[in-house]
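Report on the following structure.
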Amino acid sequence: MTIEKEYTTKLAVDDVTIDRRDIEMLDAIDRYGSMHRAAEELGRSYARLQNRVVEIEEAVGPITERQRGGSGGGGTELTATARELRQQFDRHEAALDGVARVTESVFAGTVRDRTGELGTVETGIGPILALVPDDANEVQITVRSDAVVLTEPEEALEADSTSLRNQFRGTVDRLEPGESITRVTVDLEGDEGDPTLQALVTKASSERLGLAPGRQIAASFKATAARGIRIDPNSRA
């Protein structure tokens, strides 16, 4: 099972929250040079679009400027404030992109033995060394995708007392490339359904490893990156 966390880019200015719809509005005004045309293209009423412009302007200052007359017949242009607002939104959205891609893979299992805060949990994909709650027996292990390391199968690290890495072999199922980060879904061998593990890698790492569906790969993560959550055994029935 994979848990995905959704993040939405928003900017807060005083009591006004600026979201993607507002940026689309500014883009349309800039593209068409007309608030009437922008409203038409966006499928919104002119009155509502105009009211939204006024709301934003009360918080940040003028974002549109009316150009009258001239050979082009006049129109509406964005101000420097509106363009800076768009740039800030884009920067914020880019910063959140990496966070938004982080998911958690979840594996249920039973704690077999413990060493301090660490416990060996027997799961459908095999034993996982993880941080587990005191006295917990049945747990769910969560592993963040940005904590998973992908390597060539022959380069897989040997688990030892210093690295304490969990290692599994699998096959690349699918890739979801972004501008600089790629989300990789790895099919693992297991006896419970079709277990998968999610990983985040840079575009350079993806190219270096030659990642593609069907590619054999080794996946590893530290014991401290695997965290157990106590569950009620009856909930697994």
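What follows draws every value from the coordinates through simple rules; no lab data is involved. Source: prediction; values computed, not measured. When we count neighbours, we look across all protein chains shown, and the Cβ atoms used for this are built from the backbone with ideal geometry, even at glycine.
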Check your understanding: Within segment 25-69, what residues put their amide N at less than 19 Å from the label point 7 Å along the Cα-to-Cβ vector of GLU77?
Key -> 26-38, 61-69
Study note, to complete from the structure: Between THR79 and residues 5 or more places away or on another chain, the pairs with built amide H atoms under 5 Å apart involve THR64, GLU65
Practice item. Evaluate E = 1/(1 + (r/R0)^6) for ARG68 and SER180, where r is the Cβ-Cβ distance and R0 equals 45 Å; express this FRET efficiency to the nearest 0.05. Key: 0.55
Review point. Hey, quick one: spin label on GLU152, modelled 7 Å out along Cα-Cβ, who in segment 193-210 has an amide N within reach, i.e. under 13 Å?
Key: 208-210
Revision key, fill the gap. Protection proxy (average C-beta count within 10 Å per residue), highest first, orders 205-212, 145-152 as 145-152, 205-212
